[in-house]
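K.L.:
Shown below is the structure under consideration.
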Amino acid sequence: MKKYKFSILAAFLLGFSACDNKLDLEPYQSISEDKALSTEQNVRAAILGAYDAMSLGGMWGGNAYIISELAGADGEVRWVGTFDGLRTIFNHQLIAENGNALETWTDGYDAINRCNNVLSATSIFRDADEKSQVEGEALFLRSAAFFELVRLYAKTYEAGATNSQLGIPLVLTPTRGINEGSFVSRATVEEVYSQIVTDLTTAKTLLPDDNGTRAGKFTAAALLARVYLQMGRYSEAKTNADEVINSGVFSLVGDYENCFNNDDNSTEDIFAVQVSAQDADEPTTWVFYSIPEFGGRDGDIEIEQKHLDLYPAGDARAAYFFEGNGAVRSGKWRNQYRNIPVIRLAEMYLISAEAAVRAGQSGDEAFNAVYTRAGNTAKTGVTLADVLLERRLELAHEGHKLHDGKRLRNTIDGLPYSDPKLILPIPAREIDANPNLVQNEGY
């Protein structure tokens, strides 16, 4: 995914999440929506703007990865930085005014609103294939934003339950002004996941197999596999993961270290944020994980011995950490201005393996594709415990820790998986602006 700066829709309200009295005023450089979305060229620019919104610091540009790892740390990483917002997330001492919680909410609904604007205007395309492609991309990005938000701001989806707990607002139409319709209530977790599945299932039918660095059919299938895994719908997760694996479009790189710190996508990048030194919004993954030598800060996130002890002797992934500023660092986020992998093929193999084992089938082949790549000897009779440990090692520090802990009903930092302290607060500004929003427990 390439990052683009886009300003045509900047005058539109970015979503109900920004509602306050100041936004009742006409922006100085406003442009009406009928003009902004009146040409194919402008709609093309609008979808690039949606991609860009998902690359911001509140989403794939940082928080979607960092918050999950800090909130789900469980002694495997440590926050030593001075930024209070991330410190309170790490210590489970959040308040409703937490700046990172506000940033993630705002950036997420910014992306959703840009997608909704695009979806409202795809009929303008004369070419049916281009119309389908752009619509599919908007549905993929909207579903991705909903998925990141519902996992952070709501109690986890429980397989086999009604999931009537409060989720997030499902905003499915463009927000272009403040009216009664702007004050959207929180849908249930079940309703949010249902919308995500619907969006991704539709996107799969609309997107081309190959769409360059932008979302294609198999990108939607890969995210759908991740969503189904979170829902405990293992058969559907495996079907979608295997579809990606068997597509022949992607392949595991030979050396694990070549999955990260790349200027271009690797062969196993199903989807990645494309980053360059010209980007105005610097991703915070390397800012907080790395050190000044490689463009980071002072090393705000340290890797603890509890995590390092998980790797088998000789595992190549253990050698990918490095010493710097007096602590161990993750090599995944070492270098400044490198692409950010969002979904890798290795994850699809592990989803397939987990689903197979849970169904009483052999997951050996899918498991060993990843396990032996790290220099380990192939296993037979792979167990669920084997697969889950492999997820912790292969996908470490890529934003899965908290969400895996919740779906597996683990204790996290001494807290039960359903503890409200493991959920972000609805930002205080949103509660003040929207009378229909209900705050999470404990805030």
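K.L.:
I'd like the Kirkwood hydrodynamic radius of region 104-184, using the inverse of the mean 1/r over distinct C-alpha pairs, in Å.
P.N.:
Values: mean 1/r = 0.0706 Å⁻¹.
Kirkwood hydrodynamic radius for region 104-184: 14.2 Å.
K.L.:
Per the Kirkwood formula on distinct C-alpha pairs, the Rh of the chain is how many angstrom? Mind dumping the intermediate values first?
P.N.:
On the way: mean 1/r = 0.0452 Å⁻¹.
Answer for the chain: a Kirkwood hydrodynamic radius of 22.1 Å.
K.L.:
Please express the Cα-Cα pair-distance distribution P(r) of region 163-222 as a list of whole percents, one per 5 Å bin, running from 0 to the bin with the greatest distance.
P.N.:
Spelled out bin by bin, region 163-222 gives 4, 17, 17, 14, 17, 15, 11, 4, 0 percent.
K.L.:
Using r as the Cβ-Cβ distance of residue 428 and residue 337, and R0 as 51 Å, what FRET efficiency do you calculate, to the nearest 0.05?
P.N.:
Details: r = 34 Å, r/R0 = 0.67.
The pair residue 428/residue 337 has a calculated efficiency of 0.90.
K.L.:
What length, rounded to one decimal in nm, is gained on full extension from residue 441 through to residue 392, with 0.36 nm per residue of separation minus their alpha-carbon distance?
P.N.:
Numbers: separation 49, 0.36 × 49 = 17.64 nm, distance 2.92 nm.
Contour length minus Cα-Cα distance gives 14.7 nm.
K.L.:
Please report the orientation-averaged projected area of region 275-383, defined via the convex hull of its C-alpha atoms, in nm². Mind showing how you got there, number by number?
P.N.:
Working: hull surface 32.8 nm².
For the Cα atoms of region 275-383, the hull's average projected area reads 8.2 nm².
K.L.:
Go through region 147-164 residue by residue and turn each phi into a ³J(HN,Hα) via Karplus (6.51, -1.76, 1.60, θ = phi - 60°); whole Hz please, and just put x for glycine and proline.
P.N.:
Values, residue by residue: 5, 4, 5, 5, 6, 8, 10, 9, 4, 5, 5, 10, 4, x, 9, 6, 6, 8 Hz.
K.L.:
Turning to a different aspect of this structure: With a ≥ b ≥ c the root eigenvalues of the C-alpha gyration tensor of region 241-290, is it rounded (a/c under 1.5), prolate (a/b larger than b/c) or oblate? Mind dumping the intermediate values first?
P.N.:
Working: a/c = 2.58, a/b = 2.03, b/c = 1.27.
Here region 241-290 falls in the prolate category.
K.L.:
A follow-up question, please. Could you pull out every residue, at least 5 positions away or on a different chain, whose amide H is within less than 5 Å of the one on residue 412? Hs are placed 1.01 Å off N in the peptide plane, and Pro or chain starts have none.
P.N.:
Amide H neighbours of residue 412: 417.
K.L.:
Which whole-number percent is the relative contact order of the chain (Cα, under 8 Å, 6+ apart)?
P.N.:
Working: 851 pairs, mean separation 92.5, N = 443.
Result for the chain is 21 percent.
K.L.:
Taking K and R as +1 and D and E as -1, what net charge do the other residues with C-beta under 10 Å from the C-beta of residue 296 add up to?
P.N.:
On the way: positive: 297, 329, 334; negative: 293, 298, 300.
Result for the local shell: 0.
K.L.:
From the residues 283, 439, 111, which one has its Cα farthest along the dipole of the chain in the positive direction, the dipole being from +1 and -1 charges on Cβ of Lys/Arg and Asp/Glu about the Cα centre?
P.N.:
Value computed over the given set: 439.
K.L.:
Still on this model: So how many Lys-Lys pairs in region 8-433 land under 23 Å Cα to Cα, not counting same-chain pairs under 8 apart?
P.N.:
Value for region 8-433: 19.
K.L.:
Okay, moving on. Does region 161-286 come out rounded, prolate or oblate by the C-alpha gyration tensor, with a ≥ b ≥ c the root eigenvalues, rounded set by a/c under 1.5 and, if not, prolate when a/b is larger than b/c and oblate if not?
P.N.:
oblate
K.L.:
Still on this structure, please answer the following. Mind jotting down the three principal axis lengths of region 35-88 based on Cα atoms? Whole angstrom, largest first.
P.N.:
Principal extents (largest minus smallest coordinate, Cα): 52, 19, 11 Å.
K.L.:
Same structure, new question: For region 289-405, what is the relative contact order in percent, using Cα pairs closer than 8 Å and at least 6 residues apart in sequence?
P.N.:
On the way: 134 pairs, mean separation 26.0, N = 117.
After rounding, I find 22 percent.
K.L.:
What residues qualify as long-range amide H neighbours of residue 188, i.e. H under 5 Å apart, gap of 5 or more or another chain, H built at 1.01 Å from N?
P.N.:
Distant-sequence amide H within range of residue 188: 167.
K.L.:
Per residue of region 215-226, what does 6.51 cos²θ - 1.76 cosθ + 1.60 with θ = phi - 60° give for ³J(HN,Hα)? Whole Hz please, x for Gly and Pro, Karplus curve as stated.
P.N.:
Taking θ as phi minus 60°, the curve returns 5, x, 3, 6, 5, 5, 4, 5, 5, 4, 4, 5 Hz for region 215-226.
K.L.:
Same structure again: So how many Å³ per residue does the convex hull of the Cα atoms of region 329-387 work out to? The partial results should precede the final answer.
P.N.:
Numbers: hull volume 5.8 nm³, N = 59.
Looking at region 329-387, the number lands at 98 Å³ per residue.
K.L.:
Further, regarding this structure: Give a residue-ordered list of calculated ³J(HN,Hα) values for region 429-443 (Karplus: 6.51 cos²θ - 1.76 cosθ + 1.60, θ = phi - 60°; whole Hz; x for Gly, Pro).
P.N.:
4, 6, 4, 5, 7, 10, x, 8, 7, 10, 6, 5, 4, x, 10
K.L.:
Cα-based Rg of region 52-202 per 2.2 N^0.38 Å, rounded to two decimals? Please list the in-between numbers first.
P.N.:
Values: Rg = 17.0 Å, N = 151, 2.2 N^0.38 = 14.8 Å.
Taking N as the residue count of region 52-202, the ratio is 1.15.
K.L.:
Can I ask one more? Using only Cα atoms, figure out Rg for region 344-433 and give it as a multiple of 2.2 N^0.38 Å.
P.N.:
Values: Rg = 16.7 Å, N = 90, 2.2 N^0.38 = 12.2 Å.
The reported ratio for this selection is 1.37.
K.L.:
Output the relative contact order of region 185-334, whole-number percent, from Cα pairs under 8 angstrom with separation of 6+ residues. Kindly include the intermediate steps, with their values, before the conclusion.
P.N.:
Details: 166 pairs, mean separation 22.0, N = 150.
That works out to 15 percent.
K.L.:
If the only charges are +1 at each Lys and Arg Cβ and -1 at each Asp and Glu Cβ, what is the size of the charge dipole of region 8-433 around the Cα centre, to the nearest 20 debye?
P.N.:
On the way: 38 positive and 61 negative charges, 139 e Å.
The calculation lands at about 660 debye.
Read-outs: derived from the displayed coordinates by stated rules, not from any lab. A quick note: this is a predicted structure, and the numbers were derived from the prediction, not measured. A quick note on method: Cβ atoms are made from the backbone with ideal geometry, for glycine too, and the neighbour counts reach across all protein chains shown.
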